[in-house]
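The values are calculated or read from the model by the stated rules, or taken from the named source; none is laboratory data. Quick caveat: nothing in here was measured; it's all calculated off a predicted structure. So basically every Cβ, Gly included, is an ideal-geometry build from the backbone, and we count neighbours across all protein chains shown. Ligands, DNA and RNA are stripped out before the accessible areas are found, and what is left, the full protein with its side chains, is counted by its heavy atoms. Shrake-Rupley method; radii C 1.70, N 1.55, O 1.52, S 1.80 Å.
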Amino acid sequence: REGGFWFTDSGGGAGRLRHATGVFYAMPDGALIVEVIHPLEMPNGIGLSPDGRMLYIAETRTRRLWACRLAGPGRVKSRRVLATIPSGGPLNVGGCDSLCVDAQGNVIVGTLGIGGVTVISPEGELVGHVPVDDPMTTNACFGGPDLRTLFVTAGATGRLLAFDGWPVPGLPLAFG
């Protein structure tokens, strides 16, 4: 709404070095790019609540889903762990990947390890989990004419899955 955008940088590493990084805010013309939250352990998915006042961040390595109350464009007032995504699967590992937000403010996050998408309410409660037969369920986004199709990428098998008739529509993309 304010004209800027939020993004994550997952960092990187070489050998035994790992670079922690964070969350950034920028203007499309490049006039402003500022790191707002640092450090995080591989921040990945990011999204805004329906009213634009809460920023959600998936921190892959820690399995944490963060909720950040915004103080304005590029400014965070406070942050808290909204939920920790469960681990599991054959290797009992876990992580959270990309996310999207529905019209009720629920966060839908790609769930690594157990596979599928996990739905967390704005209050941090587990709404549900939709399993996928791929332990590397990564990206999630809404589409379709009524935003009731949830698209999910299955990273290990290279598939794009579509869940038609999702119970709550997604949010339209800003400036879309």
### Task
Could you list, in sequence order, all residues of segment 35-46 that are farther than 18 Å from Asp97 by Cα, open to solvent by less than 70 Å² (accessible area, probe 1.4 Å) and not aliphatic (A, V, I, L, M)?
none
### Query
Within segment 120-129, is there a residue that is open to solvent by less than 60 Å² (accessible area, probe 1.4 Å), in contact with a Leu (Cβ under 6 Å, 6 or more places away or on another chain), part of a loop (DSSP other than H, G, I, E, B) and closer than 26 Å to Pro39 by Cβ?
yes
### Message
Every residue in segment 1-34 that is within 28 Å of Ala103 (Cα to Cα) and open to solvent by 80 Å² or more (accessible area, probe 1.4 Å), please.
### Response
Arg1, Glu2, Phe5, Pro28
### Query
Looking at (1) free of Cβ contacts under 8 Å to residues at least 60 places away in the same chain; (2) surrounded by 15 or more Cβ atoms within 10 Å (Cβ to Cβ), which is the one condition that is false for Ser49?
(1)
### Task
Scan segment 7-23 for residues that are in a strand (DSSP E or B), within 14 Å of Ile57 (Cβ to Cβ) and either of a type in the set (Ser, Thr, Tyr) or in contact with a Gly (Cβ under 8 Å, 6 or more places away or on another chain) (or both) and report the count.
2
## Note on the structure
Those residues of segment 138-154 which are within 21 Å of Thr60 (Cβ to Cβ), over 13 Å from the mean Cα position of the chain (by Cα) and not aromatic (Phe, Trp, Tyr) amount to Leu150, Thr153, Ala154
### Task
Take Pro145 and decide whether it is closer than 21 Å to Pro50 by Cβ, assigned to a loop (DSSP other than H, G, I, E, B) and modelled with pLDDT under 95.
yes
### Message
Can you find, within segment 53-94, the residue that is least open to solvent (accessible area, probe 1.4 Å) among those that are β-branched (Val, Ile, Thr) and in a strand (DSSP E or B)?
### Response
Ile57
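Please verify whether Ser98 is among the small types (Gly, Ala, Ser) and either crowded, with 21+ Cβ neighbours inside 10 Å or assigned to a loop (DSSP other than H, G, I, E, B) (or both), treating the condition exactly as stated.
yes
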### Message
Taking the criterion of being of a type in the set (Gly, Ala, Ser) and more than 15 Å from the chain's Cα centre (by Cα), would at least one residue in segment 122-135 satisfy it?
### Response
yes
